[in-house]
Amino acid sequence: MGRNHWAPSSNRREAADMGRTEAPVTVKGYLMCVFAAFGGILFGYDSGYINGVLGMNYFKQEFGHVAYNGYLYYTWEKSLITAILSAGTFFGALCAGTIADRIGRRTTIIVGCGVFSIGVALQIASTAVGLLVAGRLVAGIGVGFVSAVIILYMSEIAPKGVRGAIVSGYQFCITIGLLLAAVVDQSTKDMMGPGSYRIPMAIQFVWAFILAVGLFFLPESPRYYVRKNKLVEAQDALCKLRNRSSESLSIREELAELVANYAYETEIVRGSWMDCFRGGLTKGNSNLRRVVLGMALQMMQQWTGVNFVFYYGTTFFKQVGIHNEFLISMVTTAVNVASTPISFWTVEKLGRRTLLIYGAVGMAVCEFIIAIVGTVKEGSAAAGYCLIIFTCFYIFFFASTWGPAAWVVIGEVFPLPIRAKGVALSTASNWFWNFVIGLITPYMVDAEYGNLKARVFFVWGTTCTLCVLFAWALVPETKGLSLEQVDRMLEEVTPRQSAKWYPKQTFADRQAIGQAAKALHSTEKHEDVIV
């Protein structure tokens with residue numbers, strides 16, 4: 001791949017006779033891929049706006065109950081309102097795998113925007129917990145469609161040298177969505193009327209509209225067309241994405257590689273849901289091992305504990321005695337936004353595996369410091385400053401490592417026949433554990449239940465330590481490889497050896513050699529019969 005000074009790209013060794021199997025990245029092609037990341041704003045905003053809305057005085061009066069110190073929610077209500085979105089996304093992500101294989105990646109995302117908009121309308125109309133929960137459930141199904149298929153779509157259309165940076169852009173857009181939600185909540189929190197919470201809810205329509213309309217102007221994934229044996233359409237899509245003519249040698253070679261790889265893969269796996277669970281856990285390239293890797297990676301991303309800060313930060317900071325909790329919540333979200341672009345460069349230059357290992361180390365250190373100081377100096381100004389400062393460092397490490405890299409890896413490790421379903425299962429795992437953590441966290445920190453206060457960070461520190469071990473033992477290095485080359489790498493080496501692996505032969509060459517060998521064998525048999 002040609003070197004681009006305007007975009008970060010991976011440098012990975014290839015055999016001298018490999019030739020070019022992909023066109024150089026152009027600005028137009030790069031920007032077309034980047035637009036798909038806009039779906040992250042929809043995801044991030046919808047996840048984040050509820051954090052501030054739950055703390056609004058008018059919302060407490062409308063949805064809460066009279067208590068000795070004002071209006072409060074029951075713990076189960078706060079838990080359900082927050083976590084039900086993740087339950088919806090879990091089921092939406094699972095459904096998206098089948099739908100994306102049937103009607104296409106791009107069309108599935110557009111359908112998801114429509115479902116999401118119905119859920120937003122229900123939330124705006126709500127005046128009681130029941131309809132609000134129903135609206136967040138429906139919106140969650142739409143977000144599940146979008147979050148699962150956006151990663152799949154971006155991974156399939158992006159050039160290999162900048163794929164990590166582009167998919168990291170999805171996480172960056174999530175952080176922008178979270179920040180926008182915090183800003184809007186801050187702007188409307190003092191309004192004593194339904195506009196205080198309905199304005200933040202209604203703005204979600206904007207993100208869905210922009211994403212759905214924009215996707216009409218983007219091509220479908222060429223790999224989807226190859227899967228459907230629509231090679232003319234696949235070539236046209238590649239030409240648009242790489243900004244090259246159909247006569248370009250790089251277009252013909254890349255298409256030949258996609259076709260040859262898919263032919264090889266379909267000899268092994270047909271692409272049903274059952275195929276996702278075939279193969280053992282010891283064979284590096286088995287479907288089961290890849291699915292377990294993807295699902296476990298997304299589970300571990302949630303158990304870093306970062307969504308505790310974004311979902312419950314406003315109420316938690318107030319519980320531990322920090323004033324200006326809305327402002328602090330906005331600061332932590334701004335740190336999240338500012339830190340994520342670092343990953344655009346590091347995910348390609350340092351690699352996915354490196355980011356996951358050292359990012360988890362940084363998070364674990366920050367969380368244990370918060371927990372220790374908050375326990376020893378509980379309620380003191382020192383504990384408050386420590387909580388704010390090291391929470392910001394903790395978010396920095398997450399946003400520049402695990403936030404984007406986990407999404408990048410799940411888009412790269414699955415073979416084409418089961419890629420949509422594998423990414424769907426991984427994304428569903430993310431949302432399942434998101435739901436579990438959102439559901440149990442209030443019981444961990446509320447005064448009438450666990451009342452852990454800063455001690456809750458001992459839990460997150462422990463889980464981040466497990467993330468270090470997980471990444472070191474099980475996550476392969478996939479930077480600088482095409483999705484087809486990742487398949488070959490997983491066949492040949494273990495995750496700990498993966499950073500040194502490089503491609504020595506294309507699938508198209510391998511297929512040609514195989515066909516020549518078959519022809520020779522057939523000729524020899526024919527000559528034997530004549531003799």
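Candidates Val213, Val149: the one that is farther than 23 Å from Ile84 by Cα, hydrophobic (A, V, I, L, M, F, W, C) and at pLDDT 90 or above is Val213.
Within the range 347-370, if we keep just the residues that are crowded, with 21+ Cβ neighbours inside 10 Å and at pLDDT below 90, the residue that is farthest from Pro159 (Cα to Cα) turns out to be Ile370.
Output the residues belonging to the range 248-273 that are open to solvent by 70 Å² or more (accessible area, probe 1.4 Å), at pLDDT 85 or above and not in a helix (DSSP H, G or I). Once the filter is applied, which keeps residues that are open to solvent by 70 Å² or more (accessible area, probe 1.4 Å), at pLDDT 85 or above and not in a helix (DSSP H, G or I), the range 248-273 yields only Trp273. Taking the stated definitions as given, is Ala360 in contact with a Phe, Trp or Tyr (Cβ under 7 Å, 6 or more places away or on another chain), closer than 20 Å to Phe310 by Cβ and not acidic (Asp, Glu)? So Ala360 fits the description; yes. Thr463 meets each of the listed conditions (1) crowded, with 22+ Cβ neighbours inside 10 Å; (2) hydroxyl-bearing (Ser, Thr, Tyr); (3) closer than 30 Å to Ala96 by Cα apart from (1). The set of residues from the range 86-129 being free of Cβ contacts under 8 Å to residues at least 40 places away in the same chain, farther than 24 Å from Asn307 by Cα and not β-branched (Val, Ile, Thr) comprises Arg102, Ala121, Leu122, Ala125, Ser126.
Looking at Thr127, is it hydroxyl-bearing (Ser, Thr, Tyr), crowded, with 18+ Cβ neighbours inside 10 Å and at pLDDT below 90? Against the criterion (hydroxyl-bearing (Ser, Thr, Tyr), crowded, with 18+ Cβ neighbours inside 10 Å and at pLDDT below 90), Thr127 does not qualify. Candidates are the residues of the range 220-247 that are among the charged types (D, E, K, R) and open to solvent by less than 40 Å² (accessible area, probe 1.4 Å); the one that is farthest from Ala420 (Cα to Cα) is Arg242.
Cβ-Cβ contacts under 9 Å between residues 6 or more apart (or on different chains), taken from a first residue in the range 141-169 that is free of Cβ contacts under 8 Å to residues at least 24 places away in the same chain to a second residue that is open to solvent by less than 10 Å² (accessible area, probe 1.4 Å) and not basic (Lys, Arg), are absent. Among the numbered conditions (1) at pLDDT below 85; (2) within 22 Å of the chain's Cα centre (by Cα); (3) of a type in the set (Asp, Glu), the only one that Glu220 does not meet is (1).
Tell me, which residue of the range 478-499 that is among the acidic types (Asp, Glu) and open to solvent by less than 10 Å² (accessible area, probe 1.4 Å) is farthest from Gly359 (Cα to Cα)? Walk me through how you get there before you give the answer.
Applying the first criterion (among the acidic types (Asp, Glu)) to the range 478-499 yields 484, 487, 491-492.
Okay, now just the ones that are also open to solvent by less than 10 Å² (accessible area, probe 1.4 Å), so 484, 487.
Details: Glu484: 27, Asp487: 26 Å.
Step by step, filter the range 478-499, then rank; the result is Glu484.
Can you tell me which residue within the range 371-395, out of those that are open to solvent by less than 30 Å² (accessible area, probe 1.4 Å) and β-branched (Val, Ile, Thr), is farthest from Ala471 (Cα to Cα)? Filtering first and then ranking leaves Thr391.
In the range 422-431, which residues are closer than 10 Å to Phe90 by Cβ and either at pLDDT below 90 or not hydrophobic (A, V, I, L, M, F, W, C) (or both)? Please lay out each step first, then the result.
Residues of the range 422-431 that are closer than 10 Å to Phe90 by Cβ, as a first pass: 427-431.
Thr427, Ser429, Asn430, Trp431, listed by residue number.
For the condition in contact with a Phe, Trp or Tyr (Cβ under 9 Å, 6 or more places away or on another chain), under 26 Å from Ile166 (Cα atoms) and of a type in the set (Gly, Ala, Ser), what is the one hit in Ala428, Ala424? Even if it seems obvious, please write down each step before you answer.
Details: Ala424 fails: in contact with a Phe, Trp or Tyr (Cβ under 9 Å, 6 or more places away or on another chain).
One residue alone meets the criteria, Ala428.
For the range 429-487, a residue qualifies if it is over 18 Å from the mean Cα position of the chain (by Cα), in a loop (DSSP other than H, G, I, E, B) and not aromatic (Phe, Trp, Tyr), and the qualifying residues are Asp446, Ala447, Glu448, Gly450, Asn451, Leu452, Gly480, Leu481, Ser482.
The values are calculated or read from the model by the stated rules, or taken from the named source; none is laboratory data. It should be emphasised that the depicted structure is a prediction, and the values quoted were computed from it without experimental measurement. Neighbour counts run over all protein chains shown; Cβ positions are idealised from the backbone, glycine included. Accessible surface areas use protein heavy atoms only, side chains included; no ligands, DNA or RNA. Shrake-Rupley method; radii C 1.70, N 1.55, O 1.52, S 1.80 Å.
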